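Asker: One structure, pasted below without further comment.
The values are calculated or read from the model by the stated rules, or taken from the named source; none is laboratory data. Just so it is clear, the structure is predicted and the values come from calculations on it, not from any experiment. Cβ atoms come from the backbone with ideal geometry, glycine included; neighbour counts cover every protein chain shown.
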Ligand code: ADP
Ligand code: MG
């Protein structure tokens, strides 16, 4: 240890400071600061166009920041490329599931299993026991244990969403980001997704964008309300719901 105390940004899994992105002069994210702790489920809410998806795009490197810093366990992400950000342990699920419809559940999980970086690893890769065990474990976790041999296109919308979460989990990210994971799900699928997220934060942090307030209430440790690219309010769901600024923005939409 080189210092008596850690720098404050290293106490968080994710520290975003002064983050701004300007699209032709329009600041979709405007001087945003956000800190996510170990094992935390943070939910970002806010009206359409608030900049929620853009924040995830910035973290995963799909969009380049105009200004500001995004540190993941102290490492600056704004200088890394998308695949490098995945490699340091940040996984991202997009709004529409990007699974392989022609492949089975097993195969979708298998191809997502990390294979190491060298080309020989990919060529000599076999369905050894380690892979089978991990795929089976993840499939059970995402409620698809009895669907391993089903073709992905035959799954329900909710099951496809779970499969994509599984494809991220098998890579063991330390920060998992999900954009509207329960959109289009039934009430019972939403409840199962909530319990899934609670289970996976035993050893990782989760950053979720969501509109369904019941779901947010069920899962969020803390809520960040985004409005016009800035943090409007932050804290427990209870506190945020009672904030007059939040009430005004939601009633105004
Ligand atoms: P949210 O997810 O909160 O609904 P977004 O992050 O998708 O909002 O968008 C925030 C704002 O930024 C919107 O006005 C959107 O039109 C704009 N925006 C997002 N991405 C781009 C882009 N690549 N180029 C130009 N404008 C963008
Ligand atoms: Mg969005």
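Asker: Checking residue 31 against (1) crowded, with 22+ Cβ neighbours inside 10 Å; (2) more than 10 Å from ligand 1 (Cβ to nearest atom); (3) part of a strand (DSSP E or B), only one condition comes out false. Which one?
Answerer: (1)
Asker: Which of the residues spanning the range 35-81 are touching a helix residue (DSSP H, G or I) at 6+ places or on another chain (Cβ under 7 Å), away from ligand 2 (no atom under 16 Å from the Cβ) and at negative phi?
Answerer: 41, 65, 70, 71, 77 - these are the residues of the range 35-81 that are touching a helix residue (DSSP H, G or I) at 6+ places or on another chain (Cβ under 7 Å), away from ligand 2 (no atom under 16 Å from the Cβ) and at negative phi.
Asker: Cβ contacts < 9 Å: first residue more than 22 Å from residue 78 (Cα to Cα), restricted to the range 90-109; second residue within 16 Å of ligand 1 (Cβ to nearest atom) and part of a helix (DSSP H, G or I), any location; separation 6+ or different chain. Result?
Answerer: 95/53
Asker: Among the residues of the range 220-233, which ones are farther than 18 Å from residue 95 by Cβ, touching a strand residue (DSSP E or B) at 6+ places or on another chain (Cβ under 8 Å) and in contact (Cβ under 8 Å) with a residue 40 or more places away in the chain?
Answerer: Of everything in the range 220-233, those that are farther than 18 Å from residue 95 by Cβ, touching a strand residue (DSSP E or B) at 6+ places or on another chain (Cβ under 8 Å) and in contact (Cβ under 8 Å) with a residue 40 or more places away in the chain turn out to be 220, 221, 222, 223, 224, 225, 228, 229, 230, 231, 232.
Asker: For the range 149-161, enumerate the residues that are over 13 Å from the mean Cα position of the chain (by Cα) and either crowded, with 17+ Cβ neighbours inside 10 Å or farther than 13 Å from residue 110 by Cα (or both).
Answerer: Kept after step one, since they are over 13 Å from the mean Cα position of the chain (by Cα), are these residues of the range 149-161: 149-160.
Correct list: 150, 151, 152, 153, 154, 155, 156, 157, 158, 159, 160.
Asker: Please tell me if residue 144 is assigned to a loop (DSSP other than H, G, I, E, B), at pLDDT 95 or above and either surrounded by 14 or more Cβ atoms within 10 Å (Cβ to Cβ) or touching a strand residue (DSSP E or B) at 6+ places or on another chain (Cβ under 6 Å) (or both). Full working, then the answer.
Answerer: On the way: assigned to a loop (DSSP other than H, G, I, E, B): yes; at pLDDT 95 or above: yes; either surrounded by 14 or more Cβ atoms within 10 Å (Cβ to Cβ) or touching a strand residue (DSSP E or B) at 6+ places or on another chain (Cβ under 6 Å) (or both): yes.
When the stated conditions are applied, residue 144 passes them.
Asker: Which one of these is over 25 Å from residue 243 (Cβ atoms), in a helix (DSSP H, G or I), at pLDDT 95 or above and in contact with a strand residue (DSSP E or B) (Cβ under 6 Å, 6 or more places away or on another chain): 153, 164?
Answerer: The conditions single out 164.
Asker: Counting just the residues of the range 91-102 that are away from ligand 1 (no atom under 16 Å from the Cβ) and crowded, with 16+ Cβ neighbours inside 10 Å, which one comes out nearest to residue 208 (Cα to Cα)? Break it down into steps so the answer makes sense when it comes.
Answerer: Quick first cut of the range 91-102, residues away from ligand 1 (no atom under 16 Å from the Cβ) only: 91, 97-102.
The next check asks that each one be crowded, with 16+ Cβ neighbours inside 10 Å; those that pass are 91, 97, 99.
Values: 91: 12, 97: 15, 99: 20 Å.
In this case the residue turns out to be 91.
Asker: Working carefully through the options 62, 79, find the one that is part of a loop (DSSP other than H, G, I, E, B), farther than 30 Å from residue 146 by Cα and free of Cβ contacts under 8 Å to residues at least 12 places away in the same chain.
Answerer: 79
Asker: Just to be sure I understand the filter: pairs with C-beta atoms under 8 Å, separated by 6 or more residues or on different chains, first member in the range 190-219 and touching a residue at least 60 places away in the same chain (Cβ under 8 Å) and within 20 Å of residue 172 (Cβ to Cβ), second member part of a helix (DSSP H, G or I) and away from ligand 2 (no atom under 16 Å from the Cβ). Which pairs pass?
Answerer: Pairs that qualify, where the first residue is touching a residue at least 60 places away in the same chain (Cβ under 8 Å) and within 20 Å of residue 172 (Cβ to Cβ) and the partner is part of a helix (DSSP H, G or I) and away from ligand 2 (no atom under 16 Å from the Cβ), are 197/219; 198/219; 206/197; 206/200; 208/197; 208/219.
Asker: Considering only the range 168-200, state which residues are part of a helix (DSSP H, G or I) and under 11 Å from the mean Cα position of the chain (by Cα).
Answerer: Residues of the range 168-200 part of a helix (DSSP H, G or I): 168-169, 187-200.
Matches in the range 168-200: 168, 169, 197.
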